[in-house]
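Asker: Sharing a structure below in structure tokens format, with a few things to ask.
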Amino acid sequence: MKEKLKAPELRFEGFTDDWEERKLGELTTSFSGGTPSAGNSSYYKGDIPFIRSGEINRDKTELFLTEAGLKNSSAKMVSVGDILYALYGATSGEVGISQINGAINQAILAIKPYNGYDSHFIMQWLKLQKQKIIDKYLQGGQGNLSGSIVKDLVLNVPNFEEQQKNGSFFKQLDNTIALHQHKLDLLKEKKKGYLQKMFPKNGEKVPELRFEGFTDAWGQRKLIDVKDNEDRYSYTGGPFGSDLKSSDYTEIGVRIIQLQNIGDGKFVNDYKIYTSEEKARSLNSNLIYPGEIIIAKMADPLARATILPKIEPKYLMASDGIRLKINTDYFDNYYILTLINSDVFRKEALNNSTGTTRKRIGLVTLGNLPMMIPSFEEQQKIGSFFKQLDDTIALHQRKLDLLKEQKKGYLQKMFI
């Protein structure tokens, strides 16, 4: 029987040779840096970018060294195109290609491939192996990686031309992902700016920016004032923990909304637990329905809210959720949602919260927080504006997530 080729599942046309198994230290030279004495001010505020582990994928740094700082420390210089690998702390296993010439500290390993080996190919392989490396060498998340560990990592490499093909392919894919991430970040910043300008600041009765034709002053109400008075449970919290225990959970039935499902203006559909119809009926006052607002009593962030989607005909709140069904004759659903998630309202919630390690706010306290509200027509204009903006942000987020999933699939199929 012919021996199976050492090759990935997916490769570029024209390449048929086996990939070779080598140690990373055989293909590269590497070194880590150091940190100049923080007590010597003459070592800092110079012109040399000082790259720390959280900055390996950035094109700028927060700190800069002087020539004296570089000379009188173990900090070492790297160049654009060098591989930067994080050894310590929360960023352990992160890897990138340096975008600047600068100095590195001891938490970074600079990796320079020898002739015949491609930086982008090696960097992408290290990305693919990140979790395996952490699981093997940082069990339980404790400790640090080291240069010797990284040098002993074993990888399979093709000839230089195939490395370049793979490296170039993933570089283009990374650039596309970065472009979509940049667009998404700009949209989020734009929304943040509109939120600051389209709601009155504390003590004011009109916002800085509003739609043409609206001139009336806004009125102050309480959150509880916007609820639907025809429904006795239109503003209510989830059941006591003793009324809904883990032993009540089922594989099918009425879905329970947990804190994990309440995103900041979005519904997070990942975490799914259920209870029986019978149990849900016994907690009838804690049911909540599609199109209604659910608010989180606990951080993070505190009092974040989302509108429940039409995935299920009804839901049951867990103990830390608050149902808000509004009176739609006088108040716009999306306007109220946006206002709850605005900085103005969130600061009020934080100022009235309890707890030290994790902030919490009660049903009555939250209901009595002030809200500035314009006419119903202006609410609708503002609500519609932010819904369109949120839909655009969600669309870009889905595109970005899809690209990241595609890259993950390619990494698994194009490396051994």
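The values are calculated or read from the model by the stated rules, or taken from the named source; none is laboratory data. All values reported here derive from a predicted model rather than from experimental measurement. Here the Cβ positions follow ideal geometry from the backbone for every residue, glycine too, while neighbour counts run over all protein chains shown. Heavy atoms of the whole protein, side chains included, go into the accessibility calculation; ligands, DNA and RNA do not. Shrake-Rupley method; radii C 1.70, N 1.55, O 1.52, S 1.80 Å.
Asker: Could you tell me how far the Cα centroid of region 91-166 sits from the Cα centroid of region 336-412, in Å?
Answerer: Here the answer is 38 Å between Cα centres.
Asker: Another question, if that's okay. Using a 1.4 angstrom probe on heavy atoms only, work out the carbon and sulfur share of the accessible area of region 262-416 in %.
Answerer: 49 percent
Asker: If you don't mind, another one. Mind listing the long-range amide H neighbours of residue 273? Cut-off is under 5 Å, sequence gap 5 or more, other chains count too, H placed in the peptide plane at 1.01 Å from N.
Answerer: Placed amide hydrogens put 256 under 5 Å from residue 273.
Asker: Next question, about the same structure. Report the local net charge at residue 46: Lys and Arg +1, Asp and Glu -1, summed over other residues whose C-beta lies under 14 Å from its C-beta.
Answerer: Computed value for this residue: -1.
Asker: Something else: From Cα coordinates alone, what are the radius of gyration and Dmax values for region 162-256 in angstrom?
Answerer: 24.8, 69
Asker: Here's a follow-up. Which one is right for this structure if Cα extents along the principal axes in Å is calculated from it: (i) 75, 66, 42; (ii) 60, 42, 37; (iii) 74, 45, 45?
Answerer: (i)
Asker: Just to confirm, what accessible area per residue do you get for region 295-398 at 1.4 Å probe, in whole Å²?
Answerer: 44 Å²
Asker: Let me ask you something else. From the P(r) of region 61-157, can you give the percent of Cα pairs sitting at distances over 17 Å?
Answerer: The proportion of pairs with Cα distances above 17 Å equals 53 percent.
Asker: Could you work out what % of the accessible surface of region 58-181 is carbon and sulfur, using a 1.4 angstrom probe and leaving DNA, RNA and ligands out of the count?
Answerer: Values: 2910 of 5960 Å².
Answer for region 58-181 is 49 percent, counting heavy atoms of protein chains only.
Asker: What FRET efficiency comes out for the pair residue 138/residue 300, r = Cβ-Cβ distance, R0 = 35 Å, nearest 0.05?
Answerer: 0.85
Asker: Would you kindly compute the Cα radius of gyration of region 316-416 and its largest Cα-Cα separation (Dmax), both in Å?
Answerer: 19.5, 62
Asker: What is the log10 of I(q)/I(0) for region 242-394, computed with the Debye formula using one identical point scatterer on each Cα and no solvent, at q = 0.09, 0.15 Å⁻¹?
Answerer: -0.30, -0.81
Asker: Just to check I understand the Karplus step: with θ = phi - 60° and J = 6.51 cos²θ - 1.76 cosθ + 1.60, what whole-Hz values come out for region 286-301, glycine and proline as x?
Answerer: So the Karplus estimates, Gly and Pro as x, are 9, 6, 9, 10, x, x, 8, 8, 10, 10, 8, 6, 10, 6, 9, x Hz.
Asker: Show me the ranking of peptides 161-168, 391-398, 249-256, 320-327 by mean Cβ neighbours inside 10 Å, starting with the highest. Don't skip to the answer; put the middle values down first.
Answerer: Details: 161-168: 18.6, 391-398: 14.1, 249-256: 15.6, 320-327: 21.6.
Ranked by mean Cβ neighbours within 10 Å, highest first: 320-327, 161-168, 249-256, 391-398.
Asker: Residue by residue through region 371-386, what is 3J(HN,Hα) from phi via Karplus (6.51 cos²θ - 1.76 cosθ + 1.60, θ = phi - 60°)? Round to whole Hz and write x for glycine and proline.
Answerer: 3J(HN,Hα) across region 371-386, in whole Hz: 9, 8, 10, x, 4, 4, 5, 5, 4, 4, 4, 5, x, 5, 4, 6.
Asker: For region 248-256, in order, what is each residue's ³J(HN,Hα) by Karplus, 6.51 cos²θ - 1.76 cosθ + 1.60 with θ = phi - 60°, in whole Hz (x at glycine and Pro)?
Answerer: Listing the rounded values in order: 8, 6, 9, 7, 9, x, 8, 6, 9 Hz.
Asker: At 0.36 nm per residue, minus the direct Cα-Cα distance, what do residue 380 and residue 395 gain on full extension? Give it in nm, one decimal, please.
Answerer: Net length gain for the segment: 3.2 nm.
Asker: Give me, ordered by chain and number, the residues 5 or more places off residue 6 or on other chains with an amide H under 5 Å from its own placed amide H.
Answerer: Close amide H contacts, sequence-distant or interchain: 19.
Asker: Once label points are set 7 Å from the Cα along Cα→Cβ at both residue 231 and residue 15, what is their separation, rounded to one decimal in nm?
Answerer: If labels sit at residue 231 and residue 15, their model points lie 5.7 nm apart.
Asker: How high is the FRET efficiency between residue 197 and residue 406 when r is their beta carbon distance and R₀ equals 45 Å, given to the nearest 0.05? Write down the numbers at each step before the final one.
Answerer: Working: r = 37 Å, r/R0 = 0.82.
According to the calculation, E is roughly 0.75.
Asker: Would you calculate a helix-derived [θ] at 222 nm for the chain, using -39,500 (n - 2.57) for each DSSP H run of n ≥ 4 and dividing by the full residue count, to the nearest 500? Don't skip to the end; give the middle numbers.
Answerer: On the way: 11 runs with 137 residues, N = 416.
Calculated mean residue ellipticity at 222 nm is -10500 deg cm²/dmol.
Asker: Here's a follow-up. Hey, can you find the accessible area per residue of region 136-194 for me, probe 1.4 Å, expressed in square angstrom? Kindly include the intermediate steps, with their values, before the conclusion.
Answerer: Working: 3440 Å² over 59 residues.
Here the residues of region 136-194 average 58 Å² of exposed surface.
Asker: Now a separate question. Given a cut-off of under 8 Å on Cα pairs at least six residues apart, what relative contact order in percent is computed for the chain?
Answerer: It comes to 15 percent, rounded to a whole number.
Asker: Which of the residue pairs 136/171; 130/151; 136/165; 130/404 have a Cα-Cα distance greater than 22 Å in the structure shown? Provide the component values of the computation, followed by the final result.
Answerer: Details: 136/171 28 Å; 130/151 14 Å; 136/165 30 Å; 130/404 16 Å.
Correct reply: 136/171; 136/165.
Asker: What's the local net charge at residue 197, with K and R +1, D and E -1, over the other residues with C-beta under 14 Å away?
Answerer: +1
Asker: Tell me which residues come under 5 Å, amide H to amide H, from residue 51 once H is placed; ignore anything under 5 positions away on its chain.
Answerer: Here 103, 104, 105 satisfy the definition.
Asker: Here's a follow-up. Add +1 for every Lys or Arg and -1 for every Asp or Glu among the other residues with Cβ under 14 Å from the Cβ of residue 157, and state the total. Intermediate results must be reported in sequence, preceding the final value.
Answerer: Values: positive: 6, 11, 22, 23, 165; negative: 17, 18, 20, 21, 26, 118, 161, 162.
Local charge sum for residue 157: -3.
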